[in-house]
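Inspection log for the structure reproduced underneath, given as structure tokens.
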There are 2 protein chains.
Amino acid sequence: MTSARPYHHGDLRRAVLDAAVDVITEHGPGGVGLRDLARRVGVSHAGPVHHFKDKAGLLTALAAEGFEMLADRLEETKAAGGDFVEVGTAYVRFAVEHRAHFEVMFRPDLYHAHDPAVEAARTRAGAVLADGVADQPDPELASAAAWSITHGFATLWNTGVLERPGHDPIELARAVAGFLFRDQGTGQTPA
Amino acid sequence: MTSARPYHHGDLRRAVLDAAVDVITEHGPGGVGLRDLARRVGVSHAGPVHHFKDKAGLLTALAAEGFEMLADRLEETKAAGGDFVEVGTAYVRFAVEHRAHFEVMFRPDLYHAHDPAVEAARTRAGAVLADGVADQPDPELASAAAWSITHGFATLWNTGVLERPGHDPIELARAVAGFLFRDQGTGQTPA
DNA sequence: TACGCAATCTTGTCAATGTCTAGATCCGCT
DNA sequence: AGCGGATCTAGACATTGACAAGATTGCGTA
């Protein structure tokens, strides 16, 4: 039920979520405060509470939204005929372009990780990654490896540890993903 | 310097760090509070401040300690003749066994990421991983891939997303790391 | 040995936060 | 019209991080 109709504010729920994204992008998930968000959006200090119940509730909503967006992107990429390398690249692209969502999604201590919507979308996203390597000899292992290298690259890039000045993360991600299955035809890209 | 001598408490600095590890292991990095730690250790609410200046200072100390432990482990593994698979496995083992440290280390928004001690130890750890794949055709790319798959597996396992009931994370990590260089023999790289 | 000093820890305080409660405001439906 | 309920406001309370000033303790040095 993501629909919130314009009452006093217009669309407070979305406004708060957007503000939270801004704050997280700039200061990380630790920088979010319900009162600060309320201030940014122009409502009273307890306004957001009614929509999210909790600080954890707000982050749960963000995580659910993030997993759904991610699953959508991966499914679209696969539906367009993308192999694992393309799907993995889409994963990294999501992480870079929606850094705030991504950071919250993989910090289950910050939100209600067992929320049904979150779990459903997360499972959906994982299925696409696993399906992309289903033709491998050991699909279980290949799936773990594929998800690991993709997620690891995204995480390391976002934390700044892997930063290569002058390199485009998407191109580098494509090369790294291709490296995993370099013995097969797909995936080699000119630098 | 890490040396703290027994004054009133005995070794408050270490006691606070240990308590923080306990809290983080159980409730994540968001659960740490200076006052709560002080309570657990049995000192007044402002006791820890003198040793760490800040909440961020405390986490900086934890991150530095973590990167140093990690770098030590990786260097030991490599010195014992371990190839990349063994080094990567040691990386995952550290992440699983020192989950609290590991979680803080890769959340630079929580501490002073530009602390010299932190940066030095982090660079040292990265060098071992890069060096383990230096014999590859494209060392830069292989290094990024190696670090990504290793770090990704560790992260996903710790967040519970990759959990396989009945599987030992270390064994699975070894298999995943081996998958990256499966075309080469189980490569005993001589020292 | 005694003294002074600095490191260590305590106590008190302040602004800010999360969350709860009660009340005000406004929309949609009958 | 006007009622009901969703939406938001206002006030309050416990807790937290951070700061300031004072008390306590061990160590080097004369």
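The values are calculated or read from the model by the stated rules, or taken from the named source; none is laboratory data. Everything quoted here is computed from the prediction, not taken from an experiment. A quick note on method: Cβ atoms are made from the backbone with ideal geometry, for glycine too, and the neighbour counts reach across all protein chains shown.
Couple of notes before you dig in:
- Single unsatisfied condition, A:Arg107 versus (1) surrounded by fewer than 19 Cβ atoms within 10 Å (Cβ to Cβ); (2) within 16 Å of A:Thr25 (Cα to Cα): (1)
- B:Val104, sole failed condition from (1) touching a residue at least 12 places away in the same chain (Cβ under 8 Å); (2) part of a loop (DSSP other than H, G, I, E, B): (2)
- Residue check for B:Arg164: assigned to a loop (DSSP other than H, G, I, E, B), at the interface with chain A (Cβ under 9 Å from one of its Cβ atoms) and not β-branched (Val, Ile, Thr): yes
- Qualifying residue in region B:26-41 (condition: more than 16 Å from DNA strand C (Cβ to nearest atom), at negative phi and within 14 Å of chain A (Cβ to nearest Cβ)): yes
- Residue within region B:64-73 that is more than 14 Å from chain A (Cβ to nearest Cβ) and near DNA strand C (Cβ under 9 Å from one of its atoms) present: no
- Selection within region A:108-122 - more than 16 Å from A:Val23 (Cα to Cα) and at the interface with chain B (Cβ under 10 Å from one of its Cβ atoms): A:Pro108, A:Asp109, A:Ala113, A:Arg122
- The residues on offer are B:Gly28, B:Gly88, and the sole one that is away from DNA strand D (no atom under 16 Å from the Cβ) and either out of contact with any Cys (no Cβ under 7 Å at 6 or more places or on another chain) or more than 28 Å from B:Leu156 (Cα to Cα) (or both) is B:Gly88.
- Residue in region A:127-134 that is of a type in the set (Gly, Ala, Ser), at negative phi and touching a Gly at 6+ places or on another chain (Cβ under 7 Å) present: no
- No other residue among B:Ala100, B:Ala56 is in contact with a Phe, Trp or Tyr (Cβ under 7 Å, 6 or more places away or on another chain), more than 14 Å from DNA strand C (Cβ to nearest atom) and within 14 Å of chain A (Cβ to nearest Cβ) apart from B:Ala56.
- Residue match in region A:31-38 (condition: of a type in the set (D, E, K, R), modelled with pLDDT of 95 or more and over 30 Å from A:Ser148 (Cα atoms)): yes
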